[in-house]
Amino acid sequence: MSTSLAAPARGRSAFALILAGILWGTGGLSGSILASKAGLAPLPVATYRLLLGGCCTVLFLLLAGRRPQWTKPVLCRLVVAGALLAQFQACYFGAVTLTSVSIATMITIGSVPVFVALATAIRHRRRPGTMTLVSMTVAVAGLVLLTWSPEGVPGGGRLSAGVALALAAGAGFATITLVTRRPVPGLDSFCTTAFGLLFGGLLLLPLALVFGMAIPLRPDVLAVALYFALVPTGIAYGAYFLALRTASPVVAALSALLEPLTAAVLSAVLLHDELGVTGWTGAALLVVALAISYLRE
């Protein structure tokens, strides 16, 4: 690809990654509101996220006359994407249940760029570049400062199991990043998003039914559920999968750090949560890490 064509493509991918990270950050707030209003456990909330997001985006694609070519490679890619999305959501919310939101988020999101960088280094048989290592180190340090809270930390086997699930969630999202960036003939990023979310939601549905998925059919609950399905799920994952075609996988993984950053800022502004000097320092380090990765790309 020539330089004149590569620069606009990378600019568009950077914008799409930033958009995805910011929209993901609104998912935590809207998901917690949905759980509170509907009285749902974390896993049913994740299932509604994937299932409703998939249904809405698939319906949009069908109305627009767009659909994948149902070849064997296309079907395999969609099943793999759905399974990885379901695994990521299930392991993350399992880690939240065993530990806390802050610990699960810190380990899951912080491990994603590390897993991606390691897999990329093994695949290309060369160690990550110096600036890549610097940006990841700064990002992990910022994430720890932003999300770490020693209050209510469990001990013993419960903490170990929660950390293992959080690492499994991070590995799952890293795998999504590496797998879906490779194109499949007859399948674009929007169809990958729509049908991947739908398949993932269907895979989680049996587990979620055990916890109960009944929600009150009130306008406020339905509005939150619709926003949760469309904006931080359908649009955000669509933007992320679109950007993966041209962005570096490590840069894409680092963009996921915008999720806890956005969530923390929204909580401070809307819910008046106190971040303190430590939290704002962590937020600043995350911005620096993302700036390093984007400028280098």
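Odds and ends about this structure:
- Lone unmet requirement of (1) in a helix (DSSP H, G or I); (2) at pLDDT below 95 for LEU202: (2)
- Residue match in region 164-178 (condition: assigned to a helix (DSSP H, G or I), surrounded by 21 or more Cβ atoms within 10 Å (Cβ to Cβ), modelled with pLDDT under 90 and among the hydroxyl-bearing types (Ser, Thr, Tyr)): no
- Any pair with Cβ under 8 angstrom, 6 or more apart, that starts in region 76-88 at a residue that is touching a residue at least 40 places away in the same chain (Cβ under 8 Å) and surrounded by fewer than 23 Cβ atoms within 10 Å (Cβ to Cβ) and ends at one that is among the aromatic types (Phe, Trp, Tyr) and outside any helix (DSSP H, G or I): none
- Region 10-56, residues that are surrounded by fewer than 19 Cβ atoms within 10 Å (Cβ to Cβ) and among the basic types (Lys, Arg): ARG10, ARG12, LYS37
- Here TYR240 passes the criteria (1) touching a residue at least 24 places away in the same chain (Cβ under 8 Å); (2) more than 26 Å from VAL138 (Cβ to Cβ); (3) not charged (D, E, K, R) except the one numbered (2).
- Out of ALA263, ALA268, sole residue that is under 19 Å from MET106 (Cβ atoms), touching a Leu at 6+ places or on another chain (Cβ under 8 Å) and free of Cβ contacts under 8 Å to residues at least 60 places away in the same chain: ALA268
- Verdict on VAL140 being among the aliphatic types (A, V, I, L, M), closer than 21 Å to VAL287 by Cβ and either in a helix (DSSP H, G or I) or within 15 Å of the chain's Cα centre (by Cα) (or both): yes
- Given (1) among the polar types (S, T, N, Q); (2) closer than 25 Å to ALA104 by Cα; (3) more than 22 Å from the chain's Cα centre (by Cα), number of the condition THR71 does not satisfy: (2)
- Region 106-134: number of residues that are modelled with pLDDT under 80 and polar (S, T, N, Q): 2
- Matching entry among LEU242, LEU226, LEU207, LEU217 (being surrounded by fewer than 23 Cβ atoms within 10 Å (Cβ to Cβ) and touching an Asp or Glu at 6+ places or on another chain (Cβ under 9 Å)): LEU242
The values are calculated or read from the model by the stated rules, or taken from the named source; none is laboratory data. Computed from a predicted model, the values in this text were never measured in an experiment. Using ideal geometry, Cβ is built from the backbone for each residue, glycine included, and neighbour counts are taken over all protein chains shown.
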